[in-house]
Amino acid sequence: MAYTLPALPFSTGDLEPFYDRATLELHHGKHHAGYVDNLNRALADYPIIAEQTVEELLTNLQSVPAEIRTAVTNNGGGHANHSLFWRTMGPAKETLPTGDLDRALNSSFGDIAKFKKLFANAASQLFGAGWTWLYVEAAGRLGIGTTQNQDSLLEKNQKPILALDLWEHAYYLKFHNRRADWIDAWWNIVDWAEVGRLHVRIMEGESLHEIYQSDKSHELKDK
């Protein structure tokens, strides 16, 4: 079965003025779609491997044939990373983390202000293209991490629940080379309610694929 581009959970103009329609349409319809197409091409001659979910591929890269491993890392990672990125954004709301997520952020980082400062610092200091993440550690605490290019935290068996894309194609049309301005704007469109739902379900032992399967608009792959 082919991997497919997930539908956006919002309209392309819904994130204005923080994320412009032109960038969003190019980012989703060209860049993310390109990763999906390239992943399908890489696995075209490996039908058994292609039956795996993206999460299964990325958590077991050593089982992927060496001749396509780089392509799977880059394009599978690009597909998985962007799928979480879209899912954890939404129209601007005056909301903050609540419930279990708020308590976990306070326990791990002190409070939401300290978390945001640490996260923004990590994003600002990332050299070149990549991602900054909030993820669930093995012991259940929350961590902040970065990855280069389209590497995925799934490769480390870490469970991401919030993703910030720091490739220039994610923000260049509006913010040009001003990464700090993109980071500041992005906080306004974080969907904390969705991040909280992901946190609860990850803590309950569900995989990202199982969670996405429960919402057909956010599938990582048709099965």
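Read-outs throughout are calculated quantities, based only on the coordinates presented, and are distinct from any laboratory measurement. Predicted, not measured: the structure shown is a model, and the values here were computed from it. Counting neighbours? That spans all protein chains shown, and the Cβs are built from the backbone with ideal geometry, glycine included.
For the chain: lysine pairs with Cα atoms under 28 Å, gap of 8 or more or different chains, count?
Lysine pairs meeting both conditions in the chain amount to 28.
According to the square roots a ≥ b ≥ c of the eigenvalues of the Cα gyration tensor, what is the shape class of region 75-174, taking rounded for a/c under 1.5, prolate for a/b larger than b/c otherwise, and oblate for the remainder? Walk me through the numbers on the way to the answer.
Values: a/c = 1.61, a/b = 1.31, b/c = 1.23.
Prolate shape, in that a/c is at least 1.5 and a/b is the bigger ratio.
List PHE10, PHE175 from most exposed to least, where exposure is judged by having the fewest other Cβ atoms within 10 Å.
Working: PHE10 16, PHE175 19.
With the fewest neighbours first, PHE10, PHE175 line up as PHE10, PHE175.
Rounding to the nearest 10 and keeping the result within 0 to 90°, find how far the Cα-based axis of helix 33-42 lies from the longest principal axis of the chain.
30
Any idea which of GLN62, ILE48, ASN75 is furthest toward the positive side of the dipole for region 21-87, if Lys and Arg beta-carbons carry +1 and Asp and Glu beta-carbons -1?
ASN75
When ranked by the protection proxy of mean other Cβ atoms within 10 Å per residue, highest first, what sequence do the peptides 109-115, 22-28 form? Walk me through the intermediate numbers first.
On the way: 109-115: 14.1, 22-28: 17.4.
Packing proxy ranking, top to bottom: 22-28, 109-115.
Quickly estimate the mean residue ellipticity at 222 nm for the chain, helices only: each DSSP H run with n ≥ 4 gives -39500 (n - 2.57), and the total goes over all residues, rounded to 500. Please list the in-between numbers first.
Working: 11 runs with 94 residues, N = 223.
Calculated at 222 nm, the ellipticity per residue is -11500 deg cm²/dmol.
As I understand it, the value is the acute angle between the Cα axis of helix 192-203 and the longest principal axis of the Cα atoms of the chain; what does it come to in degrees, rounded to 10?
Roughly 60 degrees, rounded to the nearest 10.
Where does helix 112-125 land angle-wise versus the long Cα axis of the chain, in degrees 0 to 90, nearest 10?
For helix 112-125, the angle is close to 50 degrees.
What is the extension gain from GLU210 to THR95, computed as 0.36 nm multiplied by their sequence separation minus the C-alpha to C-alpha distance, in nm to one decimal? Intermediate results must be reported in sequence, preceding the final value.
Working: separation 115, 0.36 × 115 = 41.40 nm, distance 2.66 nm.
Using 0.36 nm per residue and subtracting the Cα-Cα distance, I get 38.7 nm.
Among SER11, SER83, what is the fewest-to-most ranking by other Cβ atoms within 10 Å?
On the way: SER11 10, SER83 24.
Arranged by neighbour count, lowest to highest, SER11, SER83 become SER11, SER83.
Below 8 Å, C-alpha to C-alpha, sequence gap of six or more: please give me the relative contact order for the chain in percent.
After rounding, I find 30 percent.
Could you list the residues of region 41-56 with an amide nitrogen less than 16 Å from a label point located 7 Å from the Cα of SER63 in the Cα-to-C-beta direction?
46-56
Using unit Cβ charges (K, R positive; D, E negative) and no other charged atoms, how large, in debye to the nearest 20, is the dipole of region 93-212 about its Cα centre? Write out the running numbers ahead of the final one.
On the way: 13 positive and 16 negative charges, 65 e Å.
Computed charge dipole of region 93-212: roughly 300 debye.
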